[in-house]
Amino acid sequence: MQPSDLLDLVRTAYGLTSDYQLAKKFGFSTAGVSMWRINRSFPKNSVLIQFGKILQINAGVLMLYSLEWREKDPEAKAQISRLIEAIAHAKFDDSFYEEVEQ
């Protein structure tokens, strides 16, 4: 998953028509969102946690996509990709979120 793919998912979830609207809704800088749009940077983990909740995707999976995206070594990248493929469609019990937030 590319950063721009993630932006598209969040925009669709909220019915937003522009990256500017997304930046304003979440308080992100437009420059930062622009870097995600052109796949020059990936959102930091705290943003991935927020996006995971919005998209009902386990944030750990989004963090793995981030790790894969940042990895330069082809063999390591392939290993991460296989791990993502193995768990991306698994159903997680996210009840631990409630424990952490208390």
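Just so it is clear, none of the values below were taken in a lab; they were calculated from the coordinates. Small disclaimer: the values here were computed from a predicted structure and weren't measured. Note: ideal-geometry Cβ built from the backbone for every residue, glycine included; neighbour counts use all protein chains shown.
Points worth noting:
- Spacing of the modelled spin labels on Leu67 and Lys25, each 7 Å from Cα toward Cβ, amounts to 2.9 nm.
- 3J(HN,Hα) couplings calculated from phi for the range 13-18 with the Karplus curve 6.51 cos²θ - 1.76 cosθ + 1.60 (θ = phi - 60°) are, in sequence order, 4, 9, x, 8, 9, 8 Hz; Gly and Pro show x.
- Overall form of the range 28-88 per C-alpha gyration tensor (a/c, 1.5; a/b vs b/c): oblate
- Amide H contacts under 5 Å for Leu16, placed H, 5+ residues apart: none
- Rounded to the nearest 0.05, the FRET efficiency derived from the C-beta distance between Asn39 and Ala86 at R0 = 30 Å is 0.80.
- Charging the Cβ of each Asp and Glu at -1 and of each Lys and Arg at +1, and nothing else, the dipole of the chain about its Cα centre rounds to 500 debye.
- Short-range pairs are left out: with C-alpha atoms under 8 Å and at least six residues apart, the relative contact order of the range 1-66 is 35 percent.
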